[in-house]
Amino acid sequence: MREGSLEAPTRHPLAWKDPEFRDQAKAEKELGRIFEICHGCRRCVNLCTTFPTLFDLVDNSKTMEVDGVAKEDYWKVVDQCYLCDLCYMTKCPYVPPHPWNVDFPHVMLRAKAIKFRKGVKFRDRLLSSTDALGKLAAIPVVAQAVNTVNRLKPARAAMQAVLGVHKDRELPPYAPKKFRSTAKPAEAWPVKDGKGTPGKVAIFATCYANYNEPVMGHDLVALLEHNEIPYVLVEKEACCGMPKLELGDFEGVDSLKQKNIPVLAKYAAQGYAILTPVPSCTLMFKQELPLMYPDDAEVIAVRDAMFDPFEYFVLRKKDGLLKTDFKQPLGKVAYHIPCHSRVQNMGQKTREALEMVPGTEVTVVERCSGHDGTWGVKTEYFDNAMKIGRPVFRQMAAVEAKYISSDCPIAARHIMQGIGEDAKGAIKAHPLSLLRKAYGI
Ligand code: SF4
Ligand code: SF4
């Protein structure tokens, strides 16, 4: 057997509709098989707390092998995984097509699906319902009340006790006005298709940009407008489904997919590029849904029309269709590339875009921040999230940058919280906001 694969990694579709997928005994057998390979390898020990949990269980067992670990303890390993995909994408030499067929995140996801069917906490269902929460909190008076409660220590202590949301986690505020209801309508620019980029854009706003940080959406719109690219907001949208997928709630993902895909497929068929400002949502359409529905032509059409915004802008530049009339240098930028951008396999497109701006020095920190969507909010994982993020906090603070930036707005908040006073006045700004600032628009 060859040690490690020389071919490009591939991913097998997720057999989530197959009854065997949720067969606990079969899933535990597969977990044991993969744990055995990981125990003999241990390359991923410093990626997250999943692998140290597994290796501690093995090392403290009677046999000091995987066969000494009780099956019930496998689930402790599963709980630590927040499905960032980094072990699969950046470390593992045994991923398919290697015959050992190690897809660690996928076996974790299978286990999470089994756990979800057995019942999960109310807190987990609530946190994964980003759209419903956002709709409620976006009512101005409710938004104000939620934001106030989130800042009050006694209220946060109660929230921790009742809901399991850690009292020290800095939560994103809800905006009084949604992005979708306040976005500026586009000018009627002529459509200029490039070799690698469609000349018109459909924006999938995302729950986060819509309800929490509408500025990200407004910045994206301003950048398109400045570059004379006509855009529309996707007519009807629901959550992309990533928070539900991370919980193993495949039926929840399926129901959101039924809402989003027919609408998005229409834009894809009309030749639009579809952009979302949040990497996890982009990844959901680029990778996760196609793995769940490999034979669904609409899902594949949406995948092919989907771009990360900076991927789009860099390709637009290649097409000779991006303006470079930058007016303002950005100075030093400490930029964190999120895991869900890395696994899109597109290179460091945000860095490339920011480096187009004269007088800008970008330092890239390429390590998991440890937050994930909802994982680092939960009481039982908060300390681990802060621990995993420590190298990122330290490296970003060391840059002594003017701006702290990440494509993932949740990671950016987490990083700012972790850096604390060491930020020394550095400003948190999303890369879309930075590019807008550089254009002076
Ligand atoms: S997917 Fe991410 S969190 Fe899960 S085991 Fe791999 S590196 Fe760790
Ligand atoms: S996921 Fe792959 S690289 Fe990581 S410990 Fe397991 S076998 Fe090794």
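Here are a few things to note about the model shown:
- Remark: for residue pairs Lys318/Lys437; Lys195/Lys318; Lys318/Lys349; Lys200/Lys323; Lys112/Lys378; Lys135/Lys259, the C-alpha separation exceeds 20 Å in Lys318/Lys437.
- In the chain, helical runs assigned H by DSSP with n ≥ 4 each contribute -39500 (n - 2.57); averaged across all residues and rounded to the nearest 500, the mean residue ellipticity at 222 nm is -14000 deg cm²/dmol.
- Rolling a 1.4 Å probe across all protein chains gives Val149 an accessible area of roughly 60 Å².
- The share of accessible area on the chain that comes from carbon and sulfur is 55 percent, using a 1.4 angstrom probe.
- Solvent exposure of the chain as accessible area per residue, Å², 1.4 Å probe: 43
- Violating pairs (Cα-Cα greater than 27 angstrom) within the set Lys257/Lys387; Lys121/Lys257; Lys71/Lys244; Lys17/Lys91; Lys121/Lys428: Lys257/Lys387; Lys17/Lys91; Lys121/Lys428
- Of Lys192/Lys266; Lys236/Lys286; Lys76/Lys402, pairs whose Cα-Cα distance is over 29 Å: Lys76/Lys402
- Net charge contributed by nearby residues that have their C-beta within less than 9 Å of Asp319 (K/R +1, D/E -1): +4
- Convex hull volume of the chain per residue (C-alpha atoms, cubic angstrom): 151
- Looking at the chain alone, DSSP beta bridges between its own residues are antiparallel in about 5 percent of cases.
- Heavy atoms of His106 accessible to a 1.4 Å probe, total area in Å² rounded to 10: 30
- Environment charge at Glu366 (Cβ cut-off 15 Å; Lys +1, Arg +1, Asp -1, Glu -1): +3
- Restricting the stretch 231-329 to trypsin sites (Lys or Arg not before Pro) in coil, as DSSP defines it, with at most 14 other Cβ within 10 Å: Lys236, Lys323, Lys327
- Separation of the stretch 364-422 and the stretch 266-324, taken as the distance between their Cα centroids, equals 27 angstrom.
- Charges were assigned to the Cβ only: +1 to each Lys and Arg, -1 to each Asp and Glu. The resulting dipole of the stretch 266-412 about its Cα centre is roughly 500 debye.
- Size of electric dipole in the stretch 314-381: Cβ of Lys, Arg +1 and of Asp, Glu -1, about Cα centre, debye, nearest 20: 200
- The trypsin sites (Lys or Arg not before Pro) found in the stretch 151-222 that occupy coil by DSSP, while having at most 13 further C-beta atoms within 10 Å, are Lys177, Lys195.
- The angle between the Cα long axis of helix 409-419 and the main principal axis of the chain comes to about 70°, on a 0 to 90 degree scale.
- Coil-residue GluC sites (Glu not before Pro) of the stretch 377-424, DSSP, other Cβ within 10 Å capped at 14: Glu380, Glu400
- Global dimensions of the stretch 1-103 from alpha-carbon coordinates: Rg and Dmax equal 13.8, 38 Å.
- Each peptide among 429-439, 35-45, 116-126 gets the average number of other Cβ atoms lying within 10 Å of its residues, and from highest to lowest they stand as 429-439, 35-45, 116-126.
- For the chain, the dipole from Cβ point charges (+1 on Lys and Arg, -1 on Asp and Glu) about the Cα centre works out to 1040 debye, to the nearest 20.
The values are calculated or read from the model by the stated rules, or taken from the named source; none is laboratory data. These numbers come from a predicted model, not from an experiment. Reconstructed Cβ throughout: ideal geometry from the backbone, glycine too, with neighbour counts over all protein chains shown. For accessibility, only protein heavy atoms count, side chains too; no ligands or nucleic acids. Shrake-Rupley method; radii C 1.70, N 1.55, O 1.52, S 1.80 Å.
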